[in-house]
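Chemist: I'd like to ask you about the structure that follows.
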Amino acid sequence: MTDNGSDAVMQWPGIKSRKALITGASSGLGAHFARLLAEQGAVCTLAARRVDKLESLAAEISAAGGQVDTLTLDVSDPDGVEQALDGRVFDIVVNNAGVTATAKALDHDAATFSHVIDTNLNGAFGVARQCARAMVEAGQGGTIINVASILGVRVAGMVAAYAASKAGLIQASRTMAQEWARHGIRVNALCPGYIETELNRDFFATDAGRALIKRVPQRRLGQPSDLDGPLLLLASDLGAFMTGTEVVADGGHLVTSI
């Protein structure tokens with residue numbers, strides 16, 4: 001993001017030198033958010049299961065002048081989350097790690113359904129809780145951004161587990177926001193629509209994918225950069241009075257008519 005067309009990066013207040021944790025940072029939106037926060041001067045911890053991907057991204061960010069370290073983390077492992085985050089205090093937490101599964105509801109097997117819930121809902125809650133505990137013990141506030149989805153607030157076929165996990169995450173975010181506001185901790189949900197990444201690019205080039213794009217009022221896919229403003233608003237001091245809410249960036253998808 002630049003200011004008035006110049007090459008200088010516009011600095012959002014309250015991010016520089018803050019400690020930020022980004023889960024699911026090995027690819028996709030997580031990697032994008034890590035680059036974005038590092039560019040803003042945050043001291044970033046990149047967390048994911050794929051260590052080689054994390055190290056490559058960390059090297060890229062470091063070469064660009066960013067401050068970064070890595071953390072091997074499987075959010076679906078509660079004991080692992082507690083051990084990995086023990087003793088670490090963050091100011092900004094981007095709860096981005098997630099998985100999906102595509103199947104008709106009748107064909108969703110129990111193991112797959114549980115895996116999606118364990119990662120997207122239980123895992124995000126576990127990371128948020130551990131980070132909030134550390135904030136409280138350190139006597140400081142912070143901001144937690146749970147990356148949900150418009151599928152947490154609307155219906156689509158073939159993604160019962162994913163939609164349930166994101167709807168649960170939105171409601172959990174509201175509850176956490178209510179309980180932790182007294183500690184100076186803000187909790188919000190970022191709800192992207194269809195955002196193009198390396199994981200879905202091939203699908204959106206198919207006939208089925210193009211048909212989905214036509215249902216978006218802006219008639220286009222979102223790009224990761226379309227989430228920069230919402231993410232930075234929630235991470236920065238400009239969002240200081242925002243907690244317990246959902247910020248939607250979906251090209252108008254939620255307001256499409258039946």
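Read-outs throughout are calculated quantities, based only on the coordinates presented, and are distinct from any laboratory measurement. Please read these numbers as outputs of a predicted model, since none were measured by experiment. When we count neighbours, we look across all protein chains shown, and the Cβ atoms used for this are built from the backbone with ideal geometry, even at glycine.
Chemist: Between the range 85-142 and the range 169-247, what is the separation of their alpha carbon centroids in Å?
Modeler: Between the Cα centre of the range 85-142 and that of the range 169-247, the gap is 16 Å.
Chemist: Within the range 8-37, list the residues whose amide N lies under 18 Å from a label point set 7 Å along Cα→Cβ of residue 115.
Modeler: Inside the label zone: 24.
Chemist: With contacts defined as alpha carbon pairs under 8 Å and 6 or more residues apart, what's the relative contact order of the chain in percent? Don't skip to the answer; put the middle values down first.
Modeler: On the way: 499 pairs, mean separation 45.8, N = 258.
Dividing the mean separation by the residue count of the chain yields 18 percent.
Chemist: Pop a pseudo-label 7 angstrom from the Cα along the beta-carbon direction at both residue 105 and residue 199 and give the gap in nm to one decimal.
Modeler: Placing both labels 7 Å along Cα→Cβ, they lie 2.4 nm apart.
Chemist: To continue, here is another question. What ranking do 51, 159 get, fewest neighbouring Cβ atoms within 10 angstrom at the top? Intermediate values should be presented prior to the final figure.
Modeler: Working: 51 12, 159 20.
So the ranking, lowest neighbour count to highest, is 51, 159.
Chemist: Which of 214, 16, 166 ends up with the largest GNM mean-square fluctuation for the chain, with Cα atoms connected below 10 Å?
Modeler: So, out of 214, 16, 166, the one fluctuating most is 214.
Chemist: Calculate the spin-label point distance for residue 257 paired with residue 207, positioning each point 7 Å from the Cα along the beta-carbon direction, and give it in nanometres.
Modeler: Each label point lies 7 Å from its Cα, and together they span 2.8 nm.
Chemist: Could you identify which residue out of 38, 208, 20 has the top mean-square fluctuation in a GNM of the chain using Cα springs shorter than 10 Å?
Modeler: Ranking 38, 208, 20 by mean-square fluctuation puts 208 first.
Chemist: Right, here's the next one. State to the nearest 20 debye the size of the charge dipole of the chain about its Cα centre, where the only charges are +1 on K and R beta carbons and -1 on D and E beta carbons. Write down the numbers at each step before the final one.
Modeler: Values: 22 positive and 27 negative charges, 139 e Å.
Dipole of the chain, to the nearest 20 debye: 660 debye.
Chemist: Counting pairs of alpha carbon atoms under 8 Å apart in space and at least six apart in sequence, what relative contact order in percent does the range 1-133 give?
Modeler: Numbers: 213 pairs, mean separation 31.2, N = 133.
Normalised by residue count, the contact order of the range 1-133 is 23 percent.
Chemist: A further question on this structure: Counting other beta carbons within 10 Å of each residue's own, what order do 228, 86 fall into, fewest first? Before the final figure, lay out each step's value.
Modeler: Working: 228 18, 86 10.
Taking fewest neighbouring Cβ atoms as first place, the list is 86, 228.
Chemist: Return the percentage of antiparallel bridges among DSSP beta bridges fully within the chain, rounded to the nearest 5 %.
Modeler: Numbers: 1 of 31 bridges.
Counting DSSP beta bridges with both partners in the chain, the antiparallel share is about 5 percent.
Chemist: Taking neighbour Cβ counts within 10 Å as the exposure measure, how do 19, 104 sort from fewest upward?
Modeler: Lowest count first: 104, 19.
Chemist: Let me ask you something else. Would you compute, from DSSP H runs of 4+ residues alone, the mean residue ellipticity of the chain at 222 nm, taking -39500 (n - 2.57) per run and dividing by the full residue count, rounded to the nearest 500?
Modeler: Working: 9 runs with 97 residues, N = 258.
Calculated mean residue ellipticity at 222 nm is -11500 deg cm²/dmol.
Chemist: Percent of Cα-Cα pairs per 5 Å bin, from 0 to the last occupied bin, for the range 17-88, please list those.
Modeler: Going from the shortest bin to the longest, the percentages are 4, 20, 30, 25, 15, 6, 1.
Chemist: Right, something else. Calculate, for residue 223 and residue 178, the FRET efficiency according to 1/(1 + (r/R0)^6) with r their C-beta to C-beta distance and R0 35 Å; round to the nearest 0.05. If you can, show how the numbers build up before the last one.
Modeler: On the way: r = 33 Å, r/R0 = 0.95.
E between residue 223 and residue 178, to the nearest 0.05, is 0.60.
Chemist: Which of the trypsin sites (Lys or Arg not before Pro) across the range 34-95 are loop residues per DSSP, with 14 or fewer other Cβ within 10 Å?
Modeler: On the way: sites: 35, 49, 50, 53, 88; in loops: 49, 50, 88.
Loop-located and lightly packed - 50, 88.
Chemist: Using a Gaussian network model on the chain with a 10 Å cutoff between Cα atoms, which of 200, 122, 188 fluctuates the most?
Modeler: Answer for the Gaussian network model of the chain: 200.
Chemist: Write out the GluC sites (Glu not before Pro) in the range 121-224 meeting two conditions: DSSP loop, and at most 11 other Cβ atoms within 10 Å of their Cβ.
Modeler: Working: sites: 137, 179, 196, 198; in loops: 196, 198.
Sparse-neighbourhood loop GluC sites (Glu not before Pro): 198.
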